[in-house]
1. Restricting attention to the alpha-carbon atoms of segment 333-422, what are Rg (one decimal) and Dmax (integer), both in Å?
2. Find, among the GluC sites (Glu not before Pro) in segment 118-186, those assigned to loop by DSSP (not H, G, I, E, B) with at most 16 other beta-carbon atoms within 10 angstrom.
3. Long-range amide H contacts for VAL32: which residues qualify at under 5 Å (H placed 1.01 Å from N, peptide plane, sequence gap of 5 or more or a different chain)?
4. What translational diffusion coefficient, in µm²/s and rounded to a whole number, does the Stokes-Einstein relation yield for segment 238-370 at 20 °C and a viscosity of 1.002 mPa s, taking the hydrodynamic radius as the Kirkwood radius over Cα pairs?
5. Once amide H atoms are built 1.01 Å from N in the peptide plane, which residues 5 or more positions from ARG416, or in another chain, come under 5 Å H to H?
6. Over 30 Å between Cα atoms: which of LYS53/LYS382; LYS277/LYS382; LYS249/LYS277; LYS75/LYS338 fall into that group?
7. Just how many % of Cα pairs in segment 14-193 lie over 29 Å apart, if you round to the nearest whole percent?
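Please treat every number below as a calculation from the coordinates, not as lab data. These figures come from a predicted structure and were not determined experimentally. Reconstructed Cβ throughout: ideal geometry from the backbone, glycine too, with neighbour counts over all protein chains shown.
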Amino acid sequence: MHGTPDSGARQDSPTLQVALNYAALGWRVVPVWRACEGVCGCWKADRCDRPGKHPRTRHGHQGATTDPGKIRSWKWESANVGIATGRESGLLVIDIDPRNGGQEGVAALQRELGPLPPGPVVQTGGGGRHLYFRHPDGEIRKSLEADGVDIKTDGGFVVAPPSIHASGEEYRWTVRPEKVPPPELPEAWQRFLAAPLLQRQHPPVTETTKDHKRPQKTTKDTPARAAARSESKFAIGSIKEFIEQCIQKTLPEKPGQRHAAVFRLARYLQGHTEVAKWPLRQLRPIVDRWFELAVENLGREAINATEDENWWDFSEGWGQVKYPGEDGLMTMLLERAKQAEPPAMALQYRSPETRLLIALCRELQQELGDEPFFLATTTIEKLFDLNRMRAWRWLQGLVRGGVLECVDRGSSEERRPGRFRYLGD
């Protein structure tokens, strides 16, 4: 990948030239912190839980680019190289981690779906492999539901050669992209990857008994299904927690509330920008699980609707949501903020509550990428047990202090929360 040096490249930074060469292939790049003897070069140092594996830029891998001018403006000395995956780069990468059973996992998937074609391969510094492919058209799931095998697609990135792993080992090409360009995935793999992101693990409605239990459905077992069954119904990382929060917070509590409650479910789900972009059909398993729990809690007579009627109501409500709900997302991220190290920006404040609110804003920004996030004074009221005026003062204080940028002030008359962007690291 070194080729002829670009005339504008700094000769004292070979990594810059490598990044420019990747960008010339149409692959969006970003500088990544490098670790030395297991200690990350970022401000967290030995407290970092991802040493040598997270971007140095303000907006993380969301800010990856192919623009040579922007790439040259970044600091590449003592940096690793990150490549953003997904449709914009035209890349899909299969990440195989042998320490977690990745070799067996990918072998099982190939037995089920057919062999993968040869293409560029990276031997990672941690002993794994990255297999590079052309990104298919359409939505792609982010979990292969197999031990030790992950998909890197939209919203993801990989560390690329000649980066240095925290172990001190170098990432290296074993099959270089200039010799074997990323191939197209076989049709069976594309169909598998295009399946709904949320896989239903319960059988469809057949005949309802008095206690509403449904007969089991026998299907051919596969390594992918076994892995999914051992994990959970929704094998999609932190989004799983968010979805579960949304379901639990919006269930109807008494007869006559189902219609309003399922619309509230639509609002809460749209509080997560990634979920809000999913095709409607991929939300059906969530809505069906919500319906099952509602029936279990209140009984079918109190719900007074079929599963399909409930889905039709949700589908109609999904398109009518004006302002997303934020409770489900906030609850999940607040717990995460409590467990994380306070941001460096928060240390200038003395109050633990202020520091926690700043940590929450950081979690919100990391979860939503470059998108500004909704944050209402009523939410701060509930989370920190304040009155409306104090909650508003806290928000304004963080804006004046340079912690937050106010993108949209919102409107109390329209019940529209403000939108903010976190400015810290």
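1. When restricted to the Cα atoms of segment 333-422, Rg and Dmax are 12.3, 37 Å.
2. Values: sites: GLU139, GLU145, GLU169, GLU170, GLU178, GLU184; in loops: GLU139, GLU169, GLU178, GLU184.
Sites meeting the loop and neighbour criteria: GLU169, GLU178, GLU184.
3. ARG56, ASN80, VAL81, GLY82
4. On the way: Rh = 16.0 Å.
Value of D from the Cα-based Kirkwood radius: 134 µm²/s.
5. Hits under the 5 Å cutoff: SER411.
6. Numbers: LYS53/LYS382 35 Å; LYS277/LYS382 28 Å; LYS249/LYS277 21 Å; LYS75/LYS338 32 Å.
Over 30 Å Cα-Cα: LYS53/LYS382; LYS75/LYS338.
7. Values: 2837 of 16110 pairs.
When every Cα pair of segment 14-193 is considered, 18 percent fall beyond 29 Å.
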